[in-house]
1. Which loop-located GluC sites (Glu not before Pro) does region 393-441 contain, where loop means any DSSP state but H, G, I, E or B and the Cβ has at most 16 other Cβ atoms within 10 Å?
2. Two decimals, Cα atoms only, Kirkwood Rh: what is Rg/Rh over region 524-625?
3. With unit charges on the beta carbon (Lys/Arg positive, Asp/Glu negative), name the residue among Val377, Gln346, Ile306 whose Cα is farthest towards the positive pole of the charge dipole of region 276-380.
4. Determine the calculated [θ] at 222 nm for the chain from helices alone, applying -39500 (n - 2.57) to every DSSP H run no shorter than 4 residues and normalising by the residue count; nearest 500 deg cm²/dmol.
5. Remind me, relative contact order of region 524-625 in percent, using alpha carbon pairs under 8 angstrom and six or more residues apart?
6. When the chain is fully extended, how far beyond the present Cα-Cα distance does Lys332 get from Glu20, taking 0.36 nm per residue of separation?
7. Taking 0.36 nm per residue of separation and subtracting the Cα-Cα distance, what length does fully extending Thr99 through Asp310 add?
8. For the pair Lys9 and Ala252, what calculated FRET efficiency results from E = 1/(1 + (r/R0)^6), where r is the Cβ-Cβ distance and R0 = 41 Å, to the nearest 0.05?
Amino acid sequence: MRNYLETEKHLITLQFESEEKFLAELRSGHYTVENPLVVENPYLINPLAAVICFNTAEETTAEITVKGKAAEGDFKHTFPAAKEHVLPIYGLYDNYENTVVITLGNGQTTQVRIKVKELNVNKALYCHTTYEYFGKDLMLLSTTTPLIDSCRSVGFDYAGDLRWMITNMQSWDIKKLANGRLLYTSYRTIQKPYYCVGLTEMDLCGKIYKEYRLPGGVHHDAVELENGNILAASDNDFNDSVEDYVVELDRATGNILKSWDLKNILPRELGNAGDWNYHDWFHNNAVWYDKPTNSITMSGRHKDAIINFDYDTGKLNWILGDPEGWGEEWQKYFFKNVTNGDFDWQYEQHAAQILPNGDVFVFDNGTYRSKNEANRVDPQENFSRGVIYRIDTDKMEIEQVWQYGKERGAEFYSPYICNVDYYGEGHYMVHSGGIATYRGKHTDGLGAMLLNKYNDEHIHLTLESITVEVQNNEVKYELRVQGGNYYRARRISPYDEKTNFVLGKGEMLGGFGVTPEFMKVKFKDAETELPEQHNLSLILEEDRLAVRATFREGSQVFLELAGRQGSKFYLIPTEVHDVTAACVDFEKQNDNDFQFYVSRESLSGDYDIYLNIDDLRYDTKCSVKL
């Protein structure tokens, strides 16, 4: 008896089914503004969102006011005239009976009560700001330690109250797109430890409108271009190297239009940072396009270097960082410090960007503060900061013109992740999201990795983030959250003129391509069932077959799909690579846990699934209909 795998529905499909269900209810009933249909968490991943649905006899606008605990916490928005009203509600409180006031264009008003239970999620330890400064905005924090059940991506208002969250294990950066929606990574992974299938375009309800799938997945960062396309940090060949590849996606199709491989731009083994390893030699964590110079800027944590190259040609323009260890040939790309006063190079930095005046703004993690192991700075004496460098690319000179964080010492020290943001001249955000102490002492260890290292001693491990906004050198905002590390912070307005909620099913764009087949393999049929030690998991998704299992390093493993027209063989790599920096911990994984995916593109028919391991062919007893 064979077990046919059922297709696991994509979140886009599940969300559409939820939407169709409440729309059918709305259209079959007699829901009015006095008696509306209220659907909590309509898109399944944001329990602090709802939709309020009703019909009116005439077309009319509908204004909603999500009442705050104080008047300053109110969120208000007016939706266009319609007869059928499906109003997205953001910014509910948990453990609270929320009130939403609806006012129609004719002045008719009604109140809706929505009670939300208490959520198991980290809350703000404190938020120091004023409503006059912060207004109606939310500070979104994207999780980097989702293995902690309470550490999810969240959003806080001016009072430090939780008003937004995503319950699934999405991470990496959140950016607001020109169309008013959010650019976020997919909730699915493509390779361990944290490489995601691609990017999603979603709204604050959590509804996914598009998933952009890439053959090499996405990590760390992506940015929208002026023409609507997306630059994304990706990978080319997981077995050779990682985090040294960037692609441009066609926004309409998800197809890759252009790509840049850093192995063609930089030397792999020069100028190495303290956490360098051969496989993850660059560790890119930022992508930025600068229109005035038609160039791309990237941040290589494992080179202590920010690099800039020409968009059209890929030619290297400059390298910003400590030039030690790069050799004479590469010195021409580095800047000479001409600062009159305090100056530090950045080390293992994150989130580099080019400001409108050409300055370089970056979060300087400061990890080790030296390329020379003998000169490393103890984490108890170290610091992290946001820093702005002014560069002259004609003279190849550099000045440090602004910084925040050094004066706070180890309290603000994050050896990984973090970001900065630019609001205008003299107005900046600095997010130190990777702070970790073990038994009361600051550590160079990365919180996402320490969770596994100190698996039985979490009581002694404290993870937290501090987010600061500075205006004209005055701290105007500080948010502190404990119970996890938070990859980046992003300040957004929940409702504005670009609020963009649309009904209908989301799209899966791009794709994985056709998975390469291996030559025909002939193994001896095993006389026993597949040993339990392999921990085999087979999941059939809408667009791929997912294989997860445990193998001895170096084992020769092939996935076989046996069909009526013969078998298809796929090599499952079992090489273990060094991981010196894991920025996100989506799941607990050992070195010998492997994952492999076969794209459903070009596959059709019924297949029986076999695993060929070190000359023995095991029948998994599972089959798929593709």
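Taken together, the values in this text are just the output of simple stated rules run on the coordinates, not laboratory data. Keep in mind it's a predicted model, so treat the numbers as computed, not measured. A quick note on method: Cβ atoms are made from the backbone with ideal geometry, for glycine too, and the neighbour counts reach across all protein chains shown.
1. On the way: sites: Glu397, Glu399, Glu407, Glu411, Glu425; in loops: Glu425.
Sites meeting the loop and neighbour criteria: Glu425.
2. Using only Cα positions, Rg/Rh for region 524-625 is 0.98.
3. Ile306
4. Working: 3 runs with 29 residues, N = 626.
After summing the helix terms and dividing by the residues of the chain, the value is -1500 deg cm²/dmol.
5. Details: 173 pairs, mean separation 35.4, N = 102.
Relative contact order here is 35 percent.
6. Working: separation 312, 0.36 × 312 = 112.32 nm, distance 6.06 nm.
The Lys332-Glu20 span can extend by a further 106.3 nm.
7. Working: separation 211, 0.36 × 211 = 75.96 nm, distance 5.27 nm.
Taking Thr99 through Asp310 to full extension adds about 70.7 nm, to one decimal.
8. Working: r = 25 Å, r/R0 = 0.61.
Efficiency at R0 = 41 Å is approximately 0.95.
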